[in-house]
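Below is one structure, written out as structure tokens; the observations come after it.
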Amino acid sequence: MPETSTPTEVASQYAAQVAGDLEHNAKEQERIGADIAALQEKLTALQHNHSVLVNLQQALAGAVPGPAGEGTAVPSPRKKVAAEPTGDRGSRAEKTTTAPRGRTAAKRPATKKARAIKTSAEATSAKSNAPTLVELVRRYLAAQSEPRSAAEVHAALNQAHPERAVQTTVVRNTLEGLVAKQQAQRTKQGSSVYYTASGEPVPIEVAEAGKDK
């Protein structure tokens, strides 16, 4: 006759299944949270680039010269100049010297706008070449010889890259994303969670800041 499972055995089986489902659910939440953090960082970079491009477009529109004839002195015909009396030569000389000054003054704003365009373009290029938060966190962990907590990683990155002002929650989500992708390992010591890289240590600019802690 088939063996009949006792209520205790059935409860144990259900408990084990529920525990497995909870662990899978937690890992999925961590993975999705890391993806959201990476997408948020990309969105912030795109918004910054959009603002820079709008400023460039406005500066270029202001640097385009207006229609011919506006703000430009038109010389008088030669016949009229020859017919004018000799006493008006001083007036003609003053008009001749005034016209180049007006043209020179009109060129100065264009030069300033060109410098502003060059500066904005350099800032955009530097922003696009900057490493992502995921790369910084992965390189930092790879440079450490001991496990690091999310708070330690956050402090080291903010010390090495103060212009980013990354929040601790974003750093923790990024670390969990690396764990989900098997690019980092997570260990527990009591109630604290520590992270280590899966690859060999490589030196980076934030390694020294992390070692001090």
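Structure notes:
- For the stretch 170-196, the tally of residues that are in contact with a strand residue (DSSP E or B) (Cβ under 9 Å, 6 or more places away or on another chain), closer than 15 Å to residue 133 by Cβ and among the hydroxyl-bearing types (Ser, Thr, Tyr) stands at 1.
- Complete set of residues in the stretch 129-148 that are at pLDDT below 85 and either of a type in the set (A, V, I, L, M) or under 20 Å from residue 188 (Cα atoms) (or both): 130
- Filter result (among the β-branched types (Val, Ile, Thr) and free of Cβ contacts under 8 Å to residues at least 60 places away in the same chain) within the stretch 170-193: 171, 187, 193
- Matching entry among 126, 155, 151 (being in a helix (DSSP H, G or I), at pLDDT 65 or above, among the small types (Gly, Ala, Ser) and open to solvent by 50 Å² or more (accessible area, probe 1.4 Å)): 151
- Where a residue in the stretch 1-28 is over 30 Å from residue 178 (Cβ atoms) and part of a helix (DSSP H, G or I) and its partner, wherever it lies, is of a type in the set (Gly, Ala, Ser) and at pLDDT below 90, with Cβ under 9 Å and at least six apart: 13/5
- Residues in the stretch 15-35 that are open to solvent by 100 Å² or more (accessible area, probe 1.4 Å) and closer than 25 Å to residue 150 by Cα: 22, 23, 24, 27, 29.
- From the list 73, 59, 68, 93, the lone residue that is open to solvent by less than 80 Å² (accessible area, probe 1.4 Å), assigned to a loop (DSSP other than H, G, I, E, B) and at pLDDT below 90 is 73.
The values are calculated or read from the model by the stated rules, or taken from the named source; none is laboratory data. Nothing here was measured: the structure is a model prediction, and the numbers come from that model. Here the Cβ is made from the backbone with ideal geometry for all residues, glycine too, and neighbour counts use every protein chain on show. Only protein heavy atoms, including side chains, enter the accessible area calculation; ligands, DNA and RNA are left aside. Shrake-Rupley method; radii C 1.70, N 1.55, O 1.52, S 1.80 Å.
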